[in-house]
Amino acid sequence: MALVAARPGVAARARADDPFLRAVVEDSIRLFPTTLSILRETTEPTAWADRALPVGTLVVLPSSYLHRGPHRPDAHALNPDQWLAGDRPAGVVPFSAGLRLSLRPKKWLR
Ligand code: HEM
(Lines give C-alpha, C1' and ligand atoms only; values in the text may rest on other atoms or scores of the structure.)
Protein backbone atom coordinates (compact mmCIF):
# COMPACT_ATOMS: atom_id res chain seq x y z
CA MET A 1 0.00 0.00 0.00
CA ALA A 2 2.82 2.41 0.89
CA LEU A 3 4.58 1.67 -2.39
CA VAL A 4 1.43 2.40 -4.37
CA ALA A 5 0.48 5.43 -2.28
CA ALA A 6 3.88 6.94 -3.03
CA ARG A 7 3.13 6.77 -6.76
CA PRO A 8 -0.37 8.05 -7.58
CA GLY A 9 -0.05 7.14 -11.27
CA VAL A 10 0.41 3.50 -10.27
CA ALA A 11 -2.75 3.48 -8.14
CA ALA A 12 -4.90 4.90 -10.93
CA ARG A 13 -3.53 2.45 -13.48
CA ALA A 14 -3.97 -0.52 -11.13
CA ARG A 15 -7.63 0.36 -10.56
CA ALA A 16 -8.30 0.40 -14.29
CA ASP A 17 -6.19 -2.55 -15.40
CA ASP A 18 -6.31 -6.04 -13.80
CA PRO A 19 -3.04 -7.41 -15.28
CA PHE A 20 -1.27 -4.28 -14.06
CA LEU A 21 -2.81 -4.70 -10.58
CA ARG A 22 -1.47 -8.26 -10.50
CA ALA A 23 1.95 -6.99 -11.60
CA VAL A 24 1.91 -4.44 -8.75
CA VAL A 25 1.28 -7.26 -6.24
CA GLU A 26 3.99 -9.43 -7.80
CA ASP A 27 6.58 -6.66 -7.79
CA SER A 28 5.68 -5.80 -4.18
CA ILE A 29 6.48 -9.42 -3.27
CA ARG A 30 9.78 -9.06 -5.15
CA LEU A 31 10.68 -6.04 -3.00
CA PHE A 32 9.38 -7.58 0.25
CA PRO A 33 9.58 -11.39 -0.07
CA THR A 34 8.08 -13.18 2.92
CA THR A 35 10.92 -15.72 2.70
CA LEU A 36 14.21 -13.81 2.78
CA SER A 37 16.35 -16.86 2.03
CA ILE A 38 15.69 -20.39 0.86
CA LEU A 39 17.86 -23.03 2.56
CA ARG A 40 18.87 -26.45 1.30
CA GLU A 41 21.23 -29.22 2.45
CA THR A 42 22.89 -31.38 -0.20
CA THR A 43 22.01 -35.07 0.11
CA GLU A 44 24.41 -36.25 -2.61
CA PRO A 45 27.73 -34.94 -3.96
CA THR A 46 26.84 -31.88 -6.02
CA ALA A 47 28.67 -29.27 -8.09
CA TRP A 48 27.75 -25.64 -8.50
CA ALA A 49 29.71 -23.00 -10.43
CA ASP A 50 32.77 -25.32 -10.61
CA ARG A 51 32.70 -25.93 -6.87
CA ALA A 52 32.26 -29.39 -5.39
CA LEU A 53 29.63 -29.43 -2.64
CA PRO A 54 29.98 -32.53 -0.44
CA VAL A 55 26.98 -34.23 1.15
CA GLY A 56 25.66 -32.17 4.05
CA THR A 57 26.62 -28.75 2.61
CA LEU A 58 24.19 -26.01 3.61
CA VAL A 59 23.22 -23.94 0.56
CA VAL A 60 21.59 -20.53 1.04
CA LEU A 61 19.66 -18.94 -1.81
CA PRO A 62 19.34 -15.31 -0.68
CA SER A 63 16.11 -14.36 -2.42
CA SER A 64 16.08 -10.90 -0.86
CA TYR A 65 19.51 -10.20 -2.40
CA LEU A 66 18.55 -11.72 -5.76
CA HIS A 67 15.49 -9.46 -5.82
CA ARG A 68 17.26 -6.25 -4.82
CA GLY A 69 20.97 -6.68 -5.58
CA PRO A 70 23.02 -4.09 -7.49
CA HIS A 71 22.74 -6.31 -10.59
CA ARG A 72 19.11 -5.12 -10.88
CA PRO A 73 18.42 -1.71 -12.41
CA ASP A 74 15.22 -1.48 -10.34
CA ALA A 75 16.79 -2.76 -7.13
CA HIS A 76 14.68 -0.74 -4.68
CA ALA A 77 11.94 0.74 -6.86
CA LEU A 78 8.51 -0.64 -7.66
CA ASN A 79 8.66 -1.78 -11.29
CA PRO A 80 5.42 -3.62 -12.17
CA ASP A 81 5.93 -3.25 -15.92
CA GLN A 82 8.63 -5.90 -15.94
CA TRP A 83 5.95 -8.50 -15.08
CA LEU A 84 3.71 -7.59 -18.01
CA ALA A 85 5.99 -9.16 -20.63
CA GLY A 86 5.10 -12.76 -19.63
CA ASP A 87 7.07 -14.95 -17.26
CA ARG A 88 8.55 -14.15 -13.87
CA PRO A 89 11.59 -11.86 -14.28
CA ALA A 90 14.87 -13.82 -14.20
CA GLY A 91 16.18 -14.45 -10.69
CA VAL A 92 12.97 -13.43 -8.91
CA VAL A 93 11.97 -16.36 -6.69
CA PRO A 94 9.44 -15.22 -4.03
CA PHE A 95 7.75 -18.65 -4.17
CA SER A 96 10.99 -20.65 -4.52
CA ALA A 97 11.46 -22.59 -7.78
CA GLY A 98 11.73 -26.07 -9.20
CA LEU A 99 10.48 -29.12 -7.35
CA ARG A 100 9.63 -27.28 -4.12
CA LEU A 101 7.80 -24.39 -5.74
CA SER A 102 5.14 -23.02 -3.38
CA LEU A 103 1.53 -23.98 -4.09
CA ARG A 104 0.78 -20.22 -3.76
CA PRO A 105 -2.45 -18.73 -5.21
CA LYS A 106 -1.25 -19.89 -8.62
CA LYS A 107 -4.20 -18.76 -10.66
CA TRP A 108 -3.11 -15.29 -9.68
CA LEU A 109 0.60 -15.18 -8.89
CA ARG A 110 3.50 -16.55 -10.94
C1 HEM B 1 2.30 -14.58 -0.76
C2 HEM B 1 2.05 -15.85 -0.43
C3 HEM B 1 3.11 -16.94 -0.38
C4 HEM B 1 4.47 -16.86 -0.43
C5 HEM B 1 5.37 -15.62 -0.56
C6 HEM B 1 4.98 -18.22 -0.35
C7 HEM B 1 6.33 -18.55 -0.39
C8 HEM B 1 6.81 -19.84 -0.33
C9 HEM B 1 8.21 -20.21 -0.44
C10 HEM B 1 9.40 -19.25 -0.62
C11 HEM B 1 8.30 -21.55 -0.34
C12 HEM B 1 9.56 -22.43 -0.42
C13 HEM B 1 10.19 -22.57 0.93
C14 HEM B 1 11.39 -23.51 0.81
O15 HEM B 1 11.40 -24.41 -0.03
O16 HEM B 1 12.33 -23.36 1.60
C17 HEM B 1 6.94 -22.05 -0.18
C18 HEM B 1 6.62 -23.39 -0.07
C19 HEM B 1 5.33 -23.87 0.01
N20 HEM B 1 4.18 -23.13 -0.04
FE21 HEM B 1 4.06 -21.10 -0.17
N22 HEM B 1 3.91 -19.07 -0.28
C23 HEM B 1 2.75 -18.36 -0.29
C24 HEM B 1 1.47 -18.82 -0.25
C25 HEM B 1 1.14 -20.15 -0.19
C26 HEM B 1 -0.23 -20.68 -0.20
C27 HEM B 1 -1.48 -19.81 -0.29
C28 HEM B 1 -0.13 -22.02 -0.13
C29 HEM B 1 -1.19 -23.09 -0.09
C30 HEM B 1 -2.42 -22.91 -0.54
C31 HEM B 1 1.29 -22.37 -0.08
C32 HEM B 1 1.76 -23.64 0.02
C33 HEM B 1 3.10 -23.99 0.05
C34 HEM B 1 3.61 -25.36 0.15
C35 HEM B 1 2.77 -26.64 0.28
C36 HEM B 1 5.00 -25.27 0.12
C37 HEM B 1 6.00 -26.44 0.21
C38 HEM B 1 6.27 -27.00 -1.16
C39 HEM B 1 7.27 -28.14 -1.09
O40 HEM B 1 8.19 -28.11 -0.26
O41 HEM B 1 7.15 -29.07 -1.89
N42 HEM B 1 2.00 -21.21 -0.12
N43 HEM B 1 6.07 -21.00 -0.17
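The values are calculated or read from the model by the stated rules, or taken from the named source; none is laboratory data. These numbers come from a predicted model, not from an experiment. Cβ: placed from backbone, ideal geometry, glycine included. Neighbour counts: every protein chain shown. All accessible areas refer to the heavy atoms of the entire protein, side chains included, with ligands and DNA or RNA removed. Shrake-Rupley method; radii C 1.70, N 1.55, O 1.52, S 1.80 Å.
Quick notes
- Under-5 Å amide H pairs with Ile38, H placed in peptide plane, nonlocal only: Leu61, Ser63
- MRE, 222 nm, helices only [DSSP H, n ≥ 4, -39500 (n - 2.57), over the chain, to nearest 500]: -8000 deg cm²/dmol
- Here the spin labels are modelled as points 7 Å beyond Cα on the Cα-Cβ line, and at Thr34 and Arg88 they lie 1.4 nm apart.
- For the stretch 93-110, the Karplus equation 6.51 cos²θ - 1.76 cosθ + 1.60, evaluated at θ = phi - 60°, returns couplings of 10, x, 10, 6, 6, x, 4, 9, 4, 4, 5, 5, x, 6, 5, 10, 10, 7 Hz by residue, with Gly and Pro reported as x.
- Dipole moment magnitude, nearest 20 debye, the chain about Cα centre, only Lys, Arg, Asp, Glu C-beta charged: 280
- Accessible surface for the stretch 2-100, divided over its residues, is 65 Å² per residue with a 1.4 Å probe.
- Taking the accessible area of the chain, probe 1.4 Å, and keeping the other protein chains in place, the carbon and sulfur fraction comes to 63%.
- Extension gain for Ser96 to Thr46 (0.36 nm times residue separation, less C-alpha to C-alpha distance): 16.1 nm.
- Rounded to the nearest whole Hz, the Karplus-based 3J(HN,Hα) values (6.51 cos²θ - 1.76 cosθ + 1.60, θ = phi - 60°) of the stretch 6-12 follow the sequence 6, 9, x, x, 5, 4, 5, with x at glycine and proline.
- Cα-based Rg of the chain normalised by 2.2 N^0.38 Å, two decimals: 1.25
- Rounded accessible area of Val60 (nearest 10 Å², 1.4 Å probe): 80
- The angle separating the long axis of helix 18-31 from the principal Cα axis of greatest extent in the chain is about 40 degrees.
- Applied to the stretch 55-65, the Karplus parametrisation 6.51 cos²θ - 1.76 cosθ + 1.60 on θ = phi - 60° returns per-residue 3J(HN,Hα) values of 3, x, 6, 7, 10, 10, 9, x, 4, 4, 6 Hz, with x for Gly and Pro.
- Long-range amide H partners of Leu53 with built H, under 5 Å: Thr46, Ala47, Trp48
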